[in-house]
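Read the structure below first, then the notes.
The values are calculated or read from the model by the stated rules, or taken from the named source; none is laboratory data. What you see is a predicted model, and the numbers here were worked out from it, not measured in a lab. Quick reminder, even Gly has a Cβ in these numbers, built from the backbone with ideal geometry, and neighbours come from all protein chains shown. Note: areas computed on protein heavy atoms with side chains; ligands, DNA, RNA excluded. Shrake-Rupley method; radii C 1.70, N 1.55, O 1.52, S 1.80 Å.
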Amino acid sequence: MTALDLDQLLHQQHLRLLLCVGTGGVGKTTLSAALALRAAQLGRRVVVVTIDPARRLAQAMGLDGLAHEPTPVPLPDAAGSLDAMMLDVRHAFDQALTAQVPADEADRIRANPFYKALSEAFSGTQEYVAMEKIGELSRQAEATGRWDLIVVDTPPSASALDFLDGPSRLEALAHNPLLRVVLGLPRGPFGFLDAGAALATRALDAILGGRLFGDLRTFLQVFERAVLAFESHAAETRAMLASDRAGFLVVAAPRPGPASEAAALVERLRRDGLPLRAALVNQVTTVAAVSSAALAVAASSADQAQHEVLAHYGRTVARGAAERRDVEPLTRLDVPSVRIGRVPGGLTDLDSLIRLVGRVEQ
Amino acid sequence: MPATDSRSTPAYAGRMPARCPLHIVTGKGGVGKTTIALALALRLSRTGARVVVAEVEGRGGLALAAGGPVGSKPAQLLPTRSGRLEGVQIDAKASLSGYLQRYYRLGFAADLLQLDPLVDFATRIAPGLRDILLIGQVTHLTKTHPGIDALVLDAPPSGRIASFLGAGAGLAELTDGSPIGEQAVSVMDDLRDPGCRTHVVTLLEELPVTETIETVAALRELDLTLGTVVANRCLAAPTVPDPLPPAPAGIASEQWSAMTAALLADADQANGQNAWEALLVHRTALAVTRVPDTDSAGHGLSVLADHLEGL
């Protein structure tokens with residue numbers, strides 16, 4: 001595994017978009033904030049999009065109120081600037097969907113049970129909205145010159161791959177031939193589906209009951225229009241994600257599950273031709289290097305108190321070794337990587353965020 | 001286990017089919033939910049029982065933890081010294097098929113399932129339908145497999161658990177009178193059975209603790225029986241000599257100060273964990289079971305199972 005210089009990466013002026021991807025619980029949100037802060041120190045004009053930050057982190061970033069629009073974070077000594085915003089999925093989805101209907105219809109749509117389910121529970125909605133927000137911010141950055149780097153914390157999900165798959169899942173749903181039958185839209189070339197679709201309609205009606213089935217039709221008509229509107233931007237955003245103006249950082253923790261997921265994600269990004277910049281292994285145990293000869297000398301003369309410190313050191317070494325074993329699925333892939341030490345006591349303010357980037361172990 | 005609990009037997013005798021206990025395990029993403037579900041199943045199997053761990057939504061964590069594929073029929077997951085530890089994957093598609101066959105005797109159900117769009121559609125978009133099908137399949141397992149002594153569900157993460165387990169309540173309201181509405185009502189009854197308990201896995205850190213407190217409140221709102229809160233990856237507080245000793249012979253002072261700083265940091269973290277535990281107990285009024293940060297390789301699971309003995 002080759003080490004990567006994070007500062008050098010953040011200095012690359014052609015890099016306009018940095019995405020932190022990985023499973024839940026590995027510290028994506030915190031790392032996104034820390035990277036954005038560091039980039040601002042290095043002179044970049046940054047906007048960071050975070051999703052559901054811890055309260056103390058939000059306070060540290062000045063996001064204590066609900067900042068759904070980019071809000072400046074005061075950084076007196078930075079060469080650049082930092083704006084931060086929280087992505088409220090529900091709010092953004094609401095805006096996008098109800099923009100497609102007349103105002104008087106909007107309330108009825110919001111009360112529709114299918115609309116509620118889709119905006120709250122459907123895996124794919126969050127990713128879709130995040131993707132839409134990325135596109136919107138890059139267009140704004142280009143038009144106004146307010147930012148030259150967008151840092152994105154991706155939504156928490158069961159599988160890290162959801163960020164890539166979610167949006168197309170939502171689109172597939174909108175282009176679903178069955179859905180078109182239910183709506184009475186032209187079906188395209190799949191005439192043979194007709195018999196099956198009739199059965200399907202019958203079954204749905206039987207399972208859901210008439211009232212819910214009626215709600216469904218109403219909802220789908222709006223949904224289809226909204227997804228078509230989304231799609232007009234999606235291609236542009238996808239092209240940007242695949243270009244060398246973008247960079248993906250795969251975030252992992254030194255445990256078997258997250259490490260394997262991160263490895264799968266690295267392979268997937270490579271297969272899709274997306275610009276993977278580095279793997280960040282977060283929350284690692286940092287171990288001071290001491291030779292075994294020196295330890296043997298120390299152990300032979302140590303008193304009780306010194307033995308306590310030496311014994312703790314031994315446990316730390318063992319833990320570090322176990323972590324290295326656990327991240328092997330990732331290290332095997334020969335991706336530039338950065339190891340970041342665990343921060344004792346967690347993060348409480350901007351200073352500790354800066355120290356986090358300082359804890360990079362090459 | 002001795003049958004000392006007089007509540008559970010007579011109330012259901014003759015009214016409901018005998019069923020095995022169901023342990024639902026949830027927690028914030030990344031806290032080690034799947035590992036704890038497996039450890040709990042291992043602990044339950046030690047009495048010679050046949051225990052099945054069920055995973056929903058095809059998240060694959062179970063297969064990863066067990067080092068092999070998990071299929072749609074219960075099959076051995078890990079070798080055990082006594083009892084059996086099996087895994088099963090509960091899939092929305094198979095659940096829909098099972099549901100259609102069980103309740104409708106729909107001859108065309110099989111053909112229908114070849115229509116992927118329908119399955120996608122029905123199981124993804126209809127509010128709560130997918131969840132009802134999945135839970136329905138799980139509770140079905142507790143009733144229809146007399147050979148299973150206990151079922152452990154590796155459930156969706158805590159951010160989604162209340163809407164997952166509460167799907168029945170919402171759906172029942174929307175679909176009053178329709179067949180799926182009846183299914184929704186019966187699923188909620190099953191989940192409120194005293195034999196079904198929900199455990200929340202957490203880490204003793206700010207975000208997971210906050211989410212656990214919210215989750216417990218939401219589950220209480222649904223009238224579900226709570227089990228215990230399992231605090232994963234707990235550190236044993238290291239002994240810190242006072243005053244800190246000087247560097248022994250052979251160790252440079254710079255190295256020694258790094259070593260003592262690491263010791264102090266771990267002691268701090270252990271103290272911080274105690275504070276978060278106290279807050280958890282205070283806010284949830286539930287017992288917190290601490291399990292250590294084990295080396296994941298080798299016998300780690302067995303060590304975790306030892307610590308779950310009281311559950």
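Residues in the range A:43-69 that are modelled with pLDDT of 90 or more and in a loop (DSSP other than H, G, I, E, B): 2 in all. Is it fair to say B:LEU286 is touching a residue at least 12 places away in the same chain (Cβ under 8 Å) and in a loop (DSSP other than H, G, I, E, B)? Yes, satisfied.
Within 14 Å of chain A (Cβ to nearest Cβ) and over 12 Å from B:VAL31 (Cα atoms), is that true of B:GLU221? Write out each step before concluding.
Numbers: within 14 Å of chain A (Cβ to nearest Cβ): no; over 12 Å from B:VAL31 (Cα atoms): yes.
It is false that B:GLU221 is within 14 Å of chain A (Cβ to nearest Cβ) and over 12 Å from B:VAL31 (Cα atoms).
Answer yes or no: is there a residue in the range B:218-234 that is open to solvent by 10 Å² or more (accessible area, probe 1.4 Å), in a helix (DSSP H, G or I) and of a type in the set (S, T, N, Q). Among the residues of the range B:218-234, not one is open to solvent by 10 Å² or more (accessible area, probe 1.4 Å), in a helix (DSSP H, G or I) and of a type in the set (S, T, N, Q), which makes the answer no.
Out of the residues in the range B:239-265 meeting the condition of being more than 7 Å from every other protein chain (Cβ to nearest Cβ) and in a helix (DSSP H, G or I), tell me which one is surrounded by the most Cβ atoms within 10 Å (Cβ to Cβ). Before the answer, list the steps.
Taking the range B:239-265 first, the residues more than 7 Å from every other protein chain (Cβ to nearest Cβ) are B:240, B:242-244, B:246-247, B:252-254, B:256-257, B:261, B:264.
From what's left, in a helix (DSSP H, G or I): B:253-254, B:256-257, B:261, B:264.
On the way: B:SER253: 9, B:GLU254: 10, B:TRP256: 23, B:SER257: 14, B:ALA261: 14, B:LEU264: 15.
If we take residues in the range B:239-265 being more than 7 Å from every other protein chain (Cβ to nearest Cβ) and in a helix (DSSP H, G or I), then B:TRP256 is surrounded by the most Cβ atoms within 10 Å (Cβ to Cβ).
Among the residues of the range B:46-93 satisfying the criterion of being touching a residue at least 60 places away in the same chain (Cβ under 8 Å) and part of a helix (DSSP H, G or I), which is least open to solvent (accessible area, probe 1.4 Å)? Across the range B:46-93, the extreme among qualifying residues is B:LEU62.
Which one of A:ALA3, A:ALA36, A:ALA84 is crowded, with 22+ Cβ neighbours inside 10 Å, in contact with a Pro (Cβ under 9 Å, 6 or more places away or on another chain) and either modelled with pLDDT of 90 or more or closer than 30 Å to B:LEU203 by Cβ (or both)? Before you say what the answer is, go through the steps one by one.
Numbers: A:ALA3 fails: crowded, with 22+ Cβ neighbours inside 10 Å; A:ALA36 fails: in contact with a Pro (Cβ under 9 Å, 6 or more places away or on another chain).
A:ALA84 is the lone residue from the list that is crowded, with 22+ Cβ neighbours inside 10 Å, in contact with a Pro (Cβ under 9 Å, 6 or more places away or on another chain) and either modelled with pLDDT of 90 or more or closer than 30 Å to B:LEU203 by Cβ (or both).
Look through the range A:289-306, keep the residues that are more than 7 Å from chain B (Cβ to nearest Cβ) and not aliphatic (A, V, I, L, M), and return whichever of them is farthest from the chain's Cα centre (by Cα). Taking the candidates together, the pick is A:SER300. Answer yes or no as to whether B:THR26 is within 14 Å of chain A (Cβ to nearest Cβ) and open to solvent by 50 Å² or more (accessible area, probe 1.4 Å). Against the criterion (within 14 Å of chain A (Cβ to nearest Cβ) and open to solvent by 50 Å² or more (accessible area, probe 1.4 Å)), B:THR26 does not qualify. Checked against (1) surrounded by fewer than 23 Cβ atoms within 10 Å (Cβ to Cβ); (2) assigned to a loop (DSSP other than H, G, I, E, B); (3) under 19 Å from the mean Cα position of the chain (by Cα), A:THR286 passes all but a single condition, namely (3).
Within the range A:322-331, the set of residues being more than 7 Å from every other protein chain (Cβ to nearest Cβ) and open to solvent by less than 50 Å² (accessible area, probe 1.4 Å) comprises A:GLU323, A:VAL327, A:PRO329, A:LEU330, A:THR331.
From B:ILE125, B:ILE148, B:ILE180, grab the single residue that is at pLDDT below 70 and among the β-branched types (Val, Ile, Thr). Reasoning before the result, please.
Working: B:ILE148 fails: at pLDDT below 70; B:ILE180 fails: at pLDDT below 70.
Unique residue meeting the criteria: B:ILE125.
Of the listed requirements (1) away from every other protein chain (no Cβ under 11 Å); (2) under 25 Å from B:ARG43 (Cα atoms), B:SER186 misses just one: (2).
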